[in-house]
Structure formats: structure tokens, C-alpha cells
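S.K.: This is the structure I want to talk about, given as C-alpha cells.
Bear in mind these aren't lab numbers, they're just calculated from the coordinates by the rules spelled out. This is a predicted model, so every value here is computed, not measured. Cβ coordinates were reconstructed from backbone atoms using ideal geometry, including for glycine residues, and neighbour counts include every protein chain displayed.
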Amino acid sequence: MPRFQAIAFAIATTVLTSTVCAQFPPGITPLNDDGRTPAERAHRTPEQVHRTDEVIERHDVLIDVKPDGTLDVTETIVAVALHHKIKRGIYRDFRPSTLGRYGFARHHPVDVRLVRRDGRAEPYDWTEGRHGFEPRLRLRVGDRVQAVPTGRHEYVIRYETINWITLEDGRHVLDWDAIPDHWAFPVEASLIEIRVPGDVLESDWYISGEGPAWAVSRTTPGRIVLESTRALEPEEGLALHLSWPADRVDLQLPAAALWKDDPSSTIAIIAIMASMLVYAVGWLFFGHDRRHTPHRAVDTPPSDISPGLARMLDRQKWDLGCVSAALADAAGKGCIEVNSIGGLAISRGEASWGALSEPERDLCKSLTRGGRLAFIPASGPKILNAIQEYRQALRNQAIGSLFTLNRGWCYVGAMLGFVGILASLISQTAGPGLGGGLVVCHIGVTVMVTMAVRSFSAGRRRRGSWFSAFSVPLIAVDVLATIALVSLSGIWVPLGIALAPVATTVFWKLMPAPTNDGRKQLAEVDAYRQWFETTSPDDVARSRDEVESSIARHLPWAVALGIDTDWTERLKSLLSMAGPTGAVLTPLWDSGTLAAGICLATQHSPVGSESPIWSDGGFAGGSFGGGFSGSAGGASGGGW
């Protein structure tokens, strides 16, 4: 039995070996699964046998310009595939758009008419590609499953594309990437032929290019042939700039139609204009401050509003100067007392609080509840809470009755801009994801930079450093995405993305405007300000009593109105010359001292702080030039 099995195994082995040898002639191994039949493997050319590197042996381009400006392009590519990089086929990248005149994008759709390999139809598909950061449309030629046989193959790609010819100064201009710069292997030879429907002579052509050396090999009327004089290195292309007289050819270029040629830019422009129109109408008819310069100055402050409320009305927003003006008014009327011995502290005064407005009275009560309040970190929450309540009380008094914010116009304008930019991104023929990513990058950069600035301003350097570190790569990506989007869709879509939030922010601050009642109060405020600017302290204060009376009466309003004149310095000089006797002046007159005390207690910086007490939409403190410190005649310059 074992002998019979051995004989059967020997016969089977002989038959199998004979079959394999018959299928695969000498020199061809059955392990070389490159998709070719044994007969095809047996008939290799000498060039195929000795080729060790993949190359493009020839890349010829025929450009036939049709009477309507359409380019009928036929590319013949002879490639040697060795399954290094050419495994299933080749690909060809196209620029989906270029930047045209006035920043509009010129889109170049490609209509493929024919794709062949070695004389037979070849499958193909489209994908999105990249060349650096520039988006490209990629035509992949080849079967996704079946590998292309090794050896030389001739690919023929014929397609039509539009919007490449422009009219400039009486000449037709064609900028064309004749040989793409994405080949990863050398291009040994190339020939470019251009045909136009007319009698263009050799002297009429103007040709320049970026790439290898080339020469005009032959010309006939309406036809010119260019040929490269050396091989192209990997990733080296040939970009041609051609032009010819428009009167020598019969071309009827279609009229520019923005909606058809560049819908995304058209929508972006409409969105920008609509949003700016809403803002302009809202500001012109409702947000424009129509106050007029008073005809004469008056030396009495407005009687119906407090200094803190007057400051908020004058600036049409809240800031920390309202607190300084309110406390200065209360101290001048003797309702509170402040001393700086051992640190800034505030306590209740001897005068009745009936002379104060209700918000000022509540502010002083909150700060002096318990008898005395020192400006130290332990008192920070109490101070913040008192200031926040005062801020809300002033807002309730001012907004709606003295001035309006008109934020509804900002909401409408911002919504129009957002919807328009979104529609322009959706309408793009290619790369809508890039525009969406740019919007996300803009939002991220804005948030990161804002948080970094606020953190540094609040003294939180470690937190600010983290936000700065995260913002740097976002800014880099944002810049690169903007450049890529400009090359893809023109400048208008990126401009709309950048301009929409800027315009909203600007008009958010411009829209507040005084009401009729507010204008009446502002007229009194402006008349009083005019008196400040035209009157010298020497005219109203000649004795110590008159100086102290002027301080109690006028300086709280100087703090409120941000008057930066010689008033404070001159009053200090007059007070020093009057002698050391008299009332001790409070350091609250020094706005810098007050700000330093509040910042020390709350551990915040007034400029760009994250706390909501400092300002409505940004710090805008006044400039109170100079002031008084804890003893008569002492002074320190300050401003905020």
C-alpha cells in the first residue's frame, strides 16, 4: 500500500509540473501577479525589460480653442508603470477656479469626454485633492480593484473646460498649466499644440512660460506647436501664458454673468451690502446722536441727574468712572468719609443721605454696612456686589428713558450677514468645507485672543499664556485657510466672513442714542462742560473756603465728565497757599487711588477685566487729570 501511494504522488507531481511549465514559459514566474496574461508577459519590449524607474515618456497636449472660448483639450500621456507608484492608474489634478478681475473667482468646470488606456476605454472617477494648501479636483484614471499591468501604457484624456480666455487690452489671454506640477516622476518629453479659429501668424503670438526650456517647433496660421528642450524633473510643470490679437480670431466670449460665473461671491456681496444697509439705516435714523453744542455755558450742574448717571448718559454705556463719580459726590456732600491711614478705607459720614440719588444711596449703604469698609482682598466680594447693584440700578434708570441701545438693528444685520455667508459657502462649486472650517477658525481665534487679553489684563499670566499658546496655531491655520479660500472662491467670501463680525461689533457700539428726555439732560451737561472748559479756577476760588466749596461742588462732575484741564492742579495750588487749616480732603478725589483700591480689593484689573462690573462691552474709563490724596496739599496724578 505505501508503494502504491508513492507512485500516485509521483504521477500527480509530474502532471502538475508539466501543466505549470506549459502555462508559464521560462523567465516568467507565476508569483508576478500584475494582471497580465502569460502571453503578454512573454512579449515584453527591450525598453520594458530594462526600465527600472517609473517615468512619463511623453506628455503631449492639444488645445483646440472653440469659437465660444471653450477649450477642447486632448492629453496623451505615455507612462511606464512598475507598481511603485503607478499601480492602478494615473491621476490628473485640475484647478477648479482662479482669481479673476476685481477679486471674483473664475470657475473652470471640466467635462470629461474620453478616457482611454492603450486604445480601450478606461474607468475614472473624481476626488478632491490638494497641491500644498490649494484645493484641486483630481481625476483618477484606472480601476479601483484591478491593477494595471506593468510596462508602457498610453493614456488619452479628452475634456472640455471654460472661462480660461480673457480679453485684455485688445488681446485674448490664455494662462494654462500645460504640464501639471504634480507628477512624482520625470517627464522625458512634451509637446503642446494650440489651435485658434483664425489666421494668427507667428509674429502675432506672445508666449511666455514658467518651467523647462521650450521652443516653437512649427507654426501655421491659427496654429502653433511648442516642444520642450529637456526633461522635466519630478514635480516640475510648465505653465504657459499665451496671447494673440483679438481681431485676428473669430471668438465670441460669453458676457460676464456674476450670478452664473461666481454665485458664492455674488451672494457674499449681497449679504455684506444688505447687512451694512441695515446698520446704516438704523444708525442714521435711530442711533445717530443729534446733540447740539449749547449756545452758552452755565456754572451749575444738572439738577435732575446724579454725576454717575450723567457719566453713563454722556458715554451711553457703563464704566467704573460712574462709581468714582458717585463716591466723589457722596464724599463732597459729607455722606461718607474716606481715609488712607493704614490703607484706603470708607466709613459713614455725618451728613444726611437725603441729598443723594437712590442708586448712590444704596451704593454707599452697601459699602458702609458694618460701619467701616477697608479696601483689602477680604472685602472684594462685598465691593463687587455693591458695584454690580449700582450698575444695574443705573441701567434701569438710563436705558429706555434717557438713551436706547437699538440692539435690534444689530441683530437683524448680524443675521443677514450670517445667512448670506452661509448661503455663499453652500453655493460654492468646490470646497464648501474649507469655508466652513474658516468660519470655525475665525470663531476660535476670536475666542482665544479675547480670553488671552482678558487673562493678561486680569493678572492671570499663566492662564493667558495657555490661551496664547492655543491661539498661535489657530491663527496660522486661519491665515492658510484664508489664502486657500481666496484662491478657490475669490476675495469676497473670505472678506464677508471677516467683515461681518467686525461690522456687527462696530455698530453694536455706535447704535446707542439718547432719547428726547436724554437730549435735554445732555444739553445741560454739555453747557456745564463748556463752562468747565472756558473758566479758570482763579475766577471762582480765591479763599480756602471757596476752594473747598468748589471741590465739593464741581469736582464730582469733573470725574463724571472726564474733564482733563488745569482745574485740579490749580485748585491744589490754591489750597496749598491758603494754609494747612481746614477740612481734610479725601483720597477719593484721586481717581487713580480709588481704582488702585478697588483693584487691590477685587484682585482685578479695570482694563479688559473678565468681571462684568467694569464696562458694557469694553472698559472706557474717564481721564481725571490729577486729584487729592489723604492730606491737604498732597497730590498724585492719575487717569483711567
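S.K.: Once amide H atoms are built 1.01 Å from N in the peptide plane, which residues 5 or more positions from PHE185, or in another chain, come under 5 Å H to H?
M.R.: Residues meeting the amide H criterion: GLU235.
S.K.: Over the range 170-320, what is the relative contact order in whole percent, taking alpha-carbon pairs under 8 Å and six or more residues apart?
M.R.: Relative CO of the range 170-320 lands at 26 percent.
S.K.: Search the structure for amide H atoms under 5 Å from the amide H of ARG171, placed 1.01 Å from N in the peptide plane, and list their residues when 5 or more places away or on another chain.
M.R.: The answer is ALA246.
S.K.: If you plug each phi of the range 75-83 into the Karplus form 6.51 cos²θ - 1.76 cosθ + 1.60 with θ = phi - 60°, what whole-Hz ³J(HN,Hα) values come out, in order, with x for Gly and Pro?
M.R.: Karplus-based 3J(HN,Hα) across the range 75-83 equals 10, 10, 10, 9, 10, 9, 9, 10, 6 Hz.
S.K.: Related question: Obtain the nm distance between the two label points defined at THR535 and ALA498 by a simple spin-label model: each point lies 7 Å from its Cα along the Cα-to-C-beta direction.
M.R.: Taking the simple label geometry, THR535 and ALA498 are separated by 5.1 nm.
S.K.: How large are Rg and Dmax for the range 48-256 when only the alpha carbon atoms are used, in Å?
M.R.: Gyration radius and largest Cα-Cα distance of the range 48-256: 17.5, 55 Å.
S.K.: Please go through the range 185-255 and write out the GluC sites (Glu not before Pro) that DSSP classes as loop and that have at most 10 other C-beta atoms within 10 Å.
M.R.: none
S.K.: Can you pull out the GluC sites (Glu not before Pro) in the range 299-365 whose DSSP state is coil and whose Cβ has at most 11 other Cβ atoms within 10 Å?
M.R.: Loop-located and lightly packed - GLU350.
S.K.: Can you run phi through the Karplus equation (6.51, -1.76, 1.60; θ = phi - 60°) for the range 346-360 and list ³J(HN,Hα) in whole Hz, with x for Gly and Pro?
M.R.: Calculated HN-Hα couplings, in order: 10, 9, 6, x, 8, 6, 6, 8, x, 7, 8, 6, 4, x, 5 Hz.
S.K.: Calculate the length of the line joining the C-alpha centroid of the range 507-530 to that of the range 372-388, in whole Å.
M.R.: Cα centres, the range 507-530 to the range 372-388: 32 Å.
S.K.: Residue separation times 0.36 nm, minus the C-alpha to C-alpha distance between VAL449 and VAL419: what's the value?
M.R.: 8.3 nm
S.K.: Where the only charges are on Cβ atoms (+1 Lys, Arg; -1 Asp, Glu), what is the dipole of the range 48-256 about its Cα centre, to the nearest 20 debye?
M.R.: Around 720 debye, computed over the range 48-256.
S.K.: Once R0 is set to 51 Å, what does the formula 1/(1 + (r/R0)^6) return for the Cβ-Cβ distance between SER217 and VAL472, expressed as a FRET efficiency to the nearest 0.05?
M.R.: Result of the calculation: an efficiency of 0.45.
S.K.: Could you tell me the center-to-center distance, by alpha carbons, between the range 75-121 and the range 187-205 in angstrom?
M.R.: Rounded to whole Å, the Cα centres lie 21 Å apart.
S.K.: Quick one: go through the range 318-360 and flag any residue whose amide nitrogen is under 12 Å from the point 7 Å out along the Cα-to-Cβ line of LYS382.
M.R.: 345-348
S.K.: What FRET efficiency, computed as 1/(1 + (r/R0)^6) with R0 = 30 Å and r the Cβ-Cβ distance, is obtained for ASP125 and GLU188, rounded to the nearest 0.05?
M.R.: According to the calculation, E is roughly 0.60.
S.K.: I've got another one for you. Can you give the FRET efficiency for ASN396 and LEU480, using 1/(1 + (r/R0)^6), R0 = 45 Å, r = Cβ-Cβ distance, to the nearest 0.05?
M.R.: 0.40
S.K.: Right, another one. Between ASP68 and ARG290, what length in nm is gained on full extension when 0.36 nm per residue of separation is reduced by their alpha carbon distance?
M.R.: 74.1 nm is the gain from fully extending ASP68 to ARG290.
S.K.: What's the Cα-based Rg to Rh of the range 234-333, Rh via Kirkwood?
M.R.: Across the range 234-333, the Cα-based Rg/Rh ratio is 1.45.
S.K.: Can you compute 3J(HN,Hα) from phi for each residue in the range 296-304, using the Karplus curve 6.51 cos²θ - 1.76 cosθ + 1.60 with θ = phi - 60°, rounded to whole Hz and x for Gly and Pro?
M.R.: 9, 8, 10, 9, 10, x, x, 8, 8
S.K.: Give, in nm to one decimal, the length gained when the segment between LEU99 and ILE207 is fully stretched (0.36 nm per residue of separation minus the Cα-Cα distance).
M.R.: Taking LEU99 through ILE207 to full extension adds about 36.8 nm, to one decimal.
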